[in-house]
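Before any comments, here is the structure.
The values are calculated or read from the model by the stated rules, or taken from the named source; none is laboratory data. These numbers were taken from a predicted model, which means no experiment stands behind them. We place every Cβ from the backbone using ideal geometry, glycine too, and count neighbours over all the protein chains shown. What goes into the accessible areas is simple: the full protein's heavy atoms, side chains included, and nothing from ligands, DNA or RNA. Shrake-Rupley method; radii C 1.70, N 1.55, O 1.52, S 1.80 Å.
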Amino acid sequence: MSRIAYVNGCYLPHGAASVHIEDRGYQFADGVYEVIAVRNGVLIDGNWHMDRLRRSLSELQIRMPMATPALNVVLCETARRNRFRDGIVYLQVSRGVARRDHPFPSADTRPALVVTARRTPPIPAKFVEEGVAVISQPDIRWGRCDIKSISLLPNVLVKQAARVKGAFEAWQVDGDGFVTEGASTNAWIINEEGHLITRPVENTILNGITRRRLIALAKVQGIVVEERRFSLEEAKLAREAFLTSTTAFVLPVVQIDETVLGNGRPGSNTAMLRQIYLDFVAEKALKTG
Ligand code: PDD
């Protein structure tokens, strides 16, 4: 089945879709993106993703490429044309096409919008049942990791380092020894009292939508969430650890570098949190689908 992409106003066969060679996204990584889960044709927490997109764009002084309701239509239509019920939509907005020059181009330069969509295979049962390993890596990224920038080279490098070592993810560590986040996921630990601990939202991490949703869901259950920094050392001593993202949802972490956490099996709290999140997604997919 042929895939369809949306590029600057046109729905095109994926293989024929292209952007201009002087798109500033291509030349300067001057743009932002979102990845949104689609279940039963419904964009999960689509409004929160749109809020974050608007924020990222405004921090970079890039205009929204179109009004939010119209953008929502494009996202759903791209998903629909790719004929899947469960998958992801990817959207990228760059500052647009202009002769290569570092300063912003003239104000009438139109932001460029690309949307792709694809079916995603379910997370392998093995990852959920047995948990995954992460490695630690120095965080060498810039000072505005709160912006969902397409400039992902450091993230790519640490993720590759993880793959080479047979790990699922790399937990990046700041200069003071505190974990920031994964290459494409947020990082969490659970302490002896069953409290969830995750780094507060600041310029050093992305305000993950899954993170934000899980905090809200956990609080409803009366689970204590401590939004504070935790060190790599503390993480290695934690009872349980896990990671969250749009594509992984909630995934148990059972090993950090050479250190096996607890008994090396995913903990019951993490399993419960994953189920709470899955229930939320299933309910959303039914309600508005
Ligand atoms: N990554 N931290 C980073 C650096 C990320 O790139 C992501 C998402 C997250 C989790 O955010 P969310 O819960 O909103 O997906 C945290 C996406 C999935 C990606 O780049 O593919």
* To do: Sort out which residues of region 58-78 are within 16 Å of the ligand (Cβ to nearest atom) and open to solvent by less than 60 Å² (accessible area, probe 1.4 Å), and write them in order of number.
  => Leu75
* Subset of region 215-231 [of a type in the set (S, T, N, Q) and either modelled with pLDDT under 95 or closer than 14 Å to Asn191 by Cβ (or both)] -> Ser231
* Hey, among Ala271, Ala282, which residue is in a helix (DSSP H, G or I) and within 19 Å of Thr120 (Cα to Cα)? -> Ala282
* Every pair of residues 6+ apart whose Cβ atoms lie under 7 Å, when the first sits in region 171-196 and is charged (D, E, K, R) while the second is more than 14 Å from the ligand (Cβ to nearest atom) and not in a strand (DSSP E or B) -> Glu192/Arg239
* Asked: Identify, please: which residue in region 143-196 is part of a loop (DSSP other than H, G, I, E, B) and of a type in the set (S, T, N, Q) and is, among those, nearest to Leu57 (Cα to Cα)?
  -> Ser151
* Asked: If you go through region 217-238, how many residues are open to solvent by less than 50 Å² (accessible area, probe 1.4 Å) and assigned to a helix (DSSP H, G or I)?
  -> 4
* Within region 216-254, work out how many residues are within 16 Å of Ala37 (Cβ to Cβ) and in contact with a Lys or Arg (Cβ under 6 Å, 6 or more places away or on another chain). => 2
* To do: Would you be able to say whether some residue in region 197-209 is closer than 23 Å to Val35 by Cβ, more than 13 Å from the ligand (Cβ to nearest atom) and in a helix (DSSP H, G or I)?
  => no
* To do: Considering every residue within region 175-197, establish whether at least one is more than 19 Å from Leu273 (Cβ to Cβ) and among the hydrophobic types (A, V, I, L, M, F, W, C).
  => yes
* Asked: Among the residues of region 121-160, which ones are small (Gly, Ala, Ser) and in contact (Cβ under 8 Å) with a residue 24 or more places away in the chain?
  -> Gly131, Ala133, Ser136, Gly143, Ser149, Ser151
* Asked: Can you tell me which residues in region 1-57 are part of a loop (DSSP other than H, G, I, E, B) and within 16 Å of the ligand (Cβ to nearest atom)?
  -> Ala29, Ile44, Asp45
* Give the residue that is most open to solvent (accessible area, probe 1.4 Å), with candidates limited to residues of region 239-289 that are within 15 Å of the ligand (Cβ to nearest atom) and charged (D, E, K, R). => Lys284
* Structure fact -> For region 19-51, the count of residues that are open to solvent by 20 Å² or more (accessible area, probe 1.4 Å) and on the phi > 0 side of the Ramachandran plot equals 3
* **Boolean, Phe104 is within 25 Å of Tyr277 (Cβ to Cβ) and either touching a helix residue (DSSP H, G or I) at 6+ places or on another chain (Cβ under 7 Å) or away from the ligand (no atom under 13 Å from the Cβ) (or both)** => no
* Complete set of residues in region 93-120 that are without any contact (Cβ under 8 Å) to a residue 40 or more places away in the chain and not in a loop (DSSP other than H, G, I, E, B) -> Arg119
* For region 219-235, indicate whether the set of residues that are in contact (Cβ under 8 Å) with a residue 60 or more places away in the chain and touching a strand residue (DSSP E or B) at 6+ places or on another chain (Cβ under 8 Å) is non-empty. => yes
